[in-house]
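Enquirer: For reference, the structure I am asking about is given below.
The values are calculated or read from the model by the stated rules, or taken from the named source; none is laboratory data. Keep in mind the model is a prediction, meaning the values are calculated, not measured. Quick reminder, even Gly has a Cβ in these numbers, built from the backbone with ideal geometry, and neighbours come from all protein chains shown. Ligands, DNA and RNA are excluded from the accessible area calculation, which covers all protein heavy atoms including side chains. Shrake-Rupley method; radii C 1.70, N 1.55, O 1.52, S 1.80 Å.
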Amino acid sequence: MKAGTTIISTPLSLCPSPLVYQKLPLIGIDKYIKDVGYGDDYILAVLIEFETHKQQTKATPSFGPYVSTLPTPPLPMLYNEELTDGCLDGTYCGNEIKKVRAAVKRSYERLFVNGLFMTHPDLFSAETSTLQSWSISLAKVWSRSYNLFSDARQRSDSLTWAMVPLADLVNHDLDATNNYIQDFDAKPDSFKLRLAKDVEEGEEILISYGTHTSLQYFLFYGFVLPRNPFDYLNIHFYVPGFERHEDGRKKFQEFERAEVNSTGIVPLRLLAQAATVRYPDLAKPEAIQKTATWLRKLIQRRFDQLPTSREQDLKTIQSLSMANDDEQEFIRTMTQLKLNHKNILQNMISYLESVSRLSLAEKEIQEMLVKGASSDPPSLSDYGLPIDNLDVHLL
């Protein structure tokens, strides 16, 4: 097929979106959801929840046939806590899963228990719209939605979430050069997926779901890419503050922070700032070397204390490469997440080892700091949640 070929064309009237709330029987519910403090993804999820169970009500079917075909996404918030805790308990990623679960539970209580069950008992029932059902509806929205323009007839900056039948079947590839565009012709009434390049017969058509970190993909899409170049971790340096705890111990305050990308390169600025605290009486080159050695030992200790090794993770991933059930596939995905985390730590250790062996004059270091300050990259947080959050006490 040639570039420009339309391979999917889905009428917008078949796409569940917040725009549906302009029609009975849902008029006004979207405003209530926003007033409670939730956005378009939750508005769409309430619609999916309604469509899932509305055979229990007298509502007229609209998206029911499509919604009924949607599989349950493999998102970690849907798996039992025993399974995720067994693999990720005590880790930053494991704690983030717990936060998502807690947020979903709060939204259920605010939107349903203390809201829709009382205001719209004819549309939502506690017997069918359970916490598990609501979690699945949210998972479907987070993992399968597209961003569409709120007004399909005008190109604007206003985007909304929408489920797009057929288009939501296309798989992800970070390097995919195929793309989708929304039709804005004279009668823009459909979502079109067009090829951006020629595709050979038998070649899978792929799109990118966006550039995200491993944890972001895991939480909201249910998969993890090996060696994701957009992974990063946060590192925070703390020093004793002036305030004290009740027992007399000094409270710590943040001194400096930075992001470390998947290459493991710790910003020289961060090492230089830490060196002024750890080794204030040494010349800057020696102080930076000693700081790199000290930090490398800390990271190595953290690495060695992890419950599994890189070799064990690789063996687990290989043994589950042909996973034949959902639980095995989920374990393989979590193990890949752990491996990506270990890769960054290992790269940090190697980089800090190289810094500790550098022999630079103070002038060269100053030039590197000035150059680094003038070319600071954009924040990696744009790609989503970090794979770890390291808190380090300088003293």
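Enquirer: Please state, to two decimals, what the Cα-based radius of gyration of the stretch 254-387 comes to when divided by 2.2 N^0.38 Å (N = residues).
Expert: Numbers: Rg = 18.3 Å, N = 134, 2.2 N^0.38 = 14.1 Å.
That ratio works out to 1.29.
Enquirer: In the full protein assembly as shown, how much of Leu12 is accessible to a 1.4 Å probe, in Å² to the nearest 10?
Expert: Spelled out: Leu12, probe radius 1.4 Å, area about 40 Å².
Enquirer: So which of Lys54/Lys192; Lys34/Lys105; Lys23/Lys54; Lys290/Lys338; Lys98/Lys338 end up more than 19 Å apart by C-alpha?
Expert: Numbers: Lys54/Lys192 29 Å; Lys34/Lys105 17 Å; Lys23/Lys54 15 Å; Lys290/Lys338 29 Å; Lys98/Lys338 17 Å.
Pairs exceeding 19 Å: Lys54/Lys192; Lys290/Lys338.
Enquirer: Whenever you get a sec, compute what percent of the accessible area on the chain sits on carbon and sulfur atoms (1.4 Å probe). Could you put the intermediate results ahead of the total?
Expert: Details: 10650 of 20880 Å².
Heavy-atom surface of the chain belonging to carbon and sulfur, 1.4 Å probe: 51 percent.
Enquirer: Need one number: % antiparallel among DSSP beta bridges in the chain, to the nearest 5. Could the numbers behind the result be given before it?
Expert: On the way: 22 of 30 bridges.
About 75 percent, rounded to the nearest 5.
Enquirer: Taking only Cα atoms, what is the 0 to 90° angle, nearest 10, from helix 284-304's long axis to the longest principal axis of the chain?
Expert: 50 degrees
Enquirer: From the protein chains alone at 1.4 Å, what is the descending order of accessible area for Met118, Met163, largest first? Walk me through the numbers on the way to the answer.
Expert: Numbers: Met118 130, Met163 0 Å².
Sorted by accessible area, descending: Met118, Met163.
Enquirer: For the chain, with every protein chain kept in place, what is the accessible area per residue (1.4 Å probe, Å²)? Before the final figure, lay out each step's value.
Expert: On the way: 20880 Å² over 395 residues.
That works out to 53 Å² per residue.
Enquirer: Would you compute the Debye intensity of the stretch 235-325 from its alpha-carbon atoms alone, equal scatterers and no solvent, and pass along log10 I(q)/I(0) at q = 0.16, 0.17, 0.23 Å⁻¹ to two decimals?
Expert: Normalising to I(0) and taking log10 leaves -0.83, -0.89, -1.18.
Enquirer: Please report, in whole Å, how far the alpha carbons of the chain spread along each principal axis, starting with the longest.
Expert: 77, 60, 45
Enquirer: Which shape class applies to the stretch 1-109: rounded if a/c is under 1.5, otherwise prolate when a/b exceeds b/c and oblate if not, where a ≥ b ≥ c are the square roots of the Cα gyration tensor eigenvalues? Working shown, then result.
Expert: On the way: a/c = 2.07, a/b = 1.35, b/c = 1.53.
Since a/c reaches 1.5 but b/c is at least a/b, the shape of the stretch 1-109 is classed as oblate.
Enquirer: Once the Cα atoms of helix 310-319 and of the chain are each reduced to a long axis, what angle between those two axes, in degrees from 0 to 90 to the nearest 10, is obtained?
Expert: 30 degrees
Enquirer: Quick check: Cα centre of the stretch 266-318 to Cα centre of the stretch 191-212, how many Å?
Expert: What the calculation gives is 41 Å, centre to centre.
Enquirer: By how many degrees, 0 to 90 and rounded to 10, does the Cα axis of helix 92-108 deviate from the longest principal axis of the chain?
Expert: Relative to the chain, helix 92-108 is tipped by roughly 30 degrees.
Enquirer: So what is the 222 nm mean residue ellipticity for the chain from helices alone, if each DSSP H run of at least 4 adds -39500 (n - 2.57) and you divide by all residues, rounding to the nearest 500 deg cm²/dmol? Write down the numbers at each step before the final one.
Expert: On the way: 12 runs with 160 residues, N = 395.
Calculated from helices alone, the mean residue ellipticity at 222 nm is -13000 deg cm²/dmol.
Enquirer: Additional query: Extending each Cα 7 Å along its Cβ direction at Glu203 and Thr119, get the distance between those two points in nm, one decimal.
Expert: Between Glu203 and Thr119, the simple spin-label model gives 5.1 nm.
Enquirer: May I pose another question? Semi-axes of the equivalent ellipsoid for the stretch 48-136, please: Cα gyration tensor eigenvalues, times 5, square-rooted, ordered largest first, whole Å. Write out the running numbers ahead of the final one.
Expert: Values: eigenvalues 169, 52, 14 Å².
Equivalent-ellipsoid dimensions as semi-axes: 29, 16, 8 Å.
Enquirer: When the chain is fully extended, how far beyond the present Cα-Cα distance does Leu395 get from Lys34, taking 0.36 nm per residue of separation? The partial results should precede the final answer.
Expert: Numbers: separation 361, 0.36 × 361 = 129.96 nm, distance 4.62 nm.
Full extension of this stretch gives 125.3 nm more.
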